[in-house]
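One structure is given below, encoded as structure tokens.
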Amino acid sequence: MPERPKFTVACDFDGFMTNLIPGAKEYYDAYVKAFGKRFKTLNPNFDEEEARYYLNAGLRTVYRQPGRHGWDNDGKKVAHAESDPTQLAKAAGQIALDYLGMQHKYKTPSKKDVNKFLGEVFEEAYKLDPIFREGALEFIEKLKENPNIRLIFVTNSKPDAVKEKLKLLLATRKTNLKLEDIEVIADAKKQDVDDKWKKVKAFIRIPGIPGKIFTRRKQYGETLIREDADMATGDNAVLDIITPALMGLYTLLLDTDALDNGPIILTDEVIPPKKSKNVRKIERDYIEKKFGTMVFTELGLAAQAIIRLA
Ligand SMILES: [Mg+2]
């Protein structure tokens with residue numbers, strides 16, 4: 001008898017297996033440092049300490065205009081600044097470069113090099129040890145031992161970075177899991193938009209959030225098709241969930257404690273206005289209602305739901 005195809009889960013890694021929120025301030029400190037160092041390579045006279053001033057100014061601008069800023073990829077918004085600490089720092093970095101560019105004494109990266117500059121700053125800042133979510137190891141064990149399920153990690157991170165983190169996770173206690181048995185598709189480029197990829201509509205708008213969100217994420221979508229994915233999971237609604245949901249896949253969002261505890265704070269020096277809208281909550285409510293995305297706060301509950309579906 002032919003075997004029935006397995007239920008393939010394309011699982012996000014950073015922010016899904018790990019929790020980015022508890023380390024947000026530490027991450028920002030590392031980001032400020034990396035930004036200053038990188039900017040100094042363009043401007044040898046730049047005082048690295050000044051980076052904090054410009055980044056904080058960028059952060060203030062983001063908080064004042066909820067939903068307006070985010071990961072700008074070739075003029076297209078592909079994730080909201082408010083969605084996680086790395087996006088928030090990146091948006092602040094983008095604005096900081098604008099501010100620095102207005103000062104004639106500084107040389108800033110050309111328009112096409114901004115993403116490269118910010119990408120390098122991110123890579124450098126992101127070397128901190130990950131904070132795994134409770135039940136991260138059990139999540140992988142449970143899905144791997146279920147005969148009906150195929151688990152693959154589909155992540156933007158670099159292959160070596162994911163393997164290193166998985167190694168740390170497997171070392172947290174005794175387990176039968178082996179690193180080489182865990183499938184990882186890295187460099188997934190979930191942010192890359194290709195308008196010629198017609199499998200989904202070009203953009204959506206989320207009521208309450210200004211601007212368009214571009215959804216033709218070709219490389220991510222084609223990866224899901226090639227791997228015959230039935231479900232996609234993630235912690236970032238715009239980056240992980242919306243394209244697969246438009247493709248008709250099951251989707252699962254892991255909500256983090258940031259949602260109900262208000263906006264993400266990167267530094268005590270810049271506190272968001274009290275009445276600021278919670279962009280993450282708007283995103284979450286939208287995908288839940290529009291696509292039936294399952295939303296959980298714990299990996300254990302997410303695993304149970306996936307096993308039930310498979
Ligand atoms: Mg993520």
On the given criteria, is GLY135 over 16 Å from the mean Cα position of the chain (by Cα), of a type outside the set (Lys, Arg) and either buried (at least 20 other Cβ atoms within 10 Å of the Cβ) or closer than 21 Å to PRO210 by Cβ (or both)? no
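Matching residues to (1) more than 16 Å from the ligand (Cβ to nearest atom); (2) assigned by TED's automatic domain parsing to the domain that holds PRO85; (3) crowded, with 20+ Cβ neighbours inside 10 Å; (4) of a type outside the set (Lys, Arg):
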position	(1), (2), (3), (4)
LYS167	yes, no, no, no
LEU177	yes, no, no, yes
PHE203	yes, no, no, yes
GLY234	no, no, yes, yes
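Going by the structure shown, is THR86 of a type in the set (S, T, N, Q), part of a helix (DSSP H, G or I), outside the structural domain of LYS158 (by TED's automatic domain parsing) and touching an Asp or Glu at 6+ places or on another chain (Cβ under 9 Å)?
Working: of a type in the set (S, T, N, Q): yes; part of a helix (DSSP H, G or I): yes; outside the structural domain of LYS158 (by TED's automatic domain parsing): yes; touching an Asp or Glu at 6+ places or on another chain (Cβ under 9 Å): yes.
Spelling it out, THR86 is indeed of a type in the set (S, T, N, Q), part of a helix (DSSP H, G or I), outside the structural domain of LYS158 (by TED's automatic domain parsing) and touching an Asp or Glu at 6+ places or on another chain (Cβ under 9 Å).
Regarding segment 86-102, can at least one residue be identified that is acidic (Asp, Glu) and under 17 Å from LEU59 (Cα atoms)?
yes
Report whether or not ASP72 is surrounded by fewer than 20 Cβ atoms within 10 Å (Cβ to Cβ), away from the ligand (no atom under 16 Å from the Cβ) and free of Cβ contacts under 8 Å to residues at least 12 places away in the same chain. First the steps, then the outcome.
Details: surrounded by fewer than 20 Cβ atoms within 10 Å (Cβ to Cβ): yes; away from the ligand (no atom under 16 Å from the Cβ): yes; free of Cβ contacts under 8 Å to residues at least 12 places away in the same chain: no.
When the stated conditions are applied, ASP72 does not pass them.
Go through LEU252, LEU299, LEU246 for me and flag whichever is under 30 Å from ASP29 (Cα atoms), at pLDDT 95 or above and buried (at least 17 other Cβ atoms within 10 Å of the Cβ).
LEU299
Is it true that ALA92 is at pLDDT 95 or above and in contact with a Phe, Trp or Tyr (Cβ under 7 Å, 6 or more places away or on another chain)?
Details: at pLDDT 95 or above: yes; in contact with a Phe, Trp or Tyr (Cβ under 7 Å, 6 or more places away or on another chain): no.
Answer is no for this residue.
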Looking at GLY75, GLY101, GLY93, can you tell me which residue is of a type outside the set (Asp, Glu) and on the phi > 0 side of the Ramachandran plot? GLY75
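Looking for whichever is buried (at least 19 other Cβ atoms within 10 Å of the Cβ) and within 29 Å of LYS107 (Cα to Cα) here; the options are ALA79, ALA10, ALA57. Which one fits? Full working, then the answer.
Details: ALA10 fails: within 29 Å of LYS107 (Cα to Cα); ALA57 fails: buried (at least 19 other Cβ atoms within 10 Å of the Cβ).
Answer to the check: ALA79.
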Residues in segment 30-51 that are assigned to a helix (DSSP H, G or I), free of Cβ contacts under 8 Å to residues at least 60 places away in the same chain and surrounded by fewer than 19 Cβ atoms within 10 Å (Cβ to Cβ): how many? 3
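The values are calculated or read from the model by the stated rules, or taken from the named source; none is laboratory data. These numbers come from a predicted model, not from an experiment. Cβ coordinates were reconstructed from backbone atoms using ideal geometry, including for glycine residues, and neighbour counts include every protein chain displayed.
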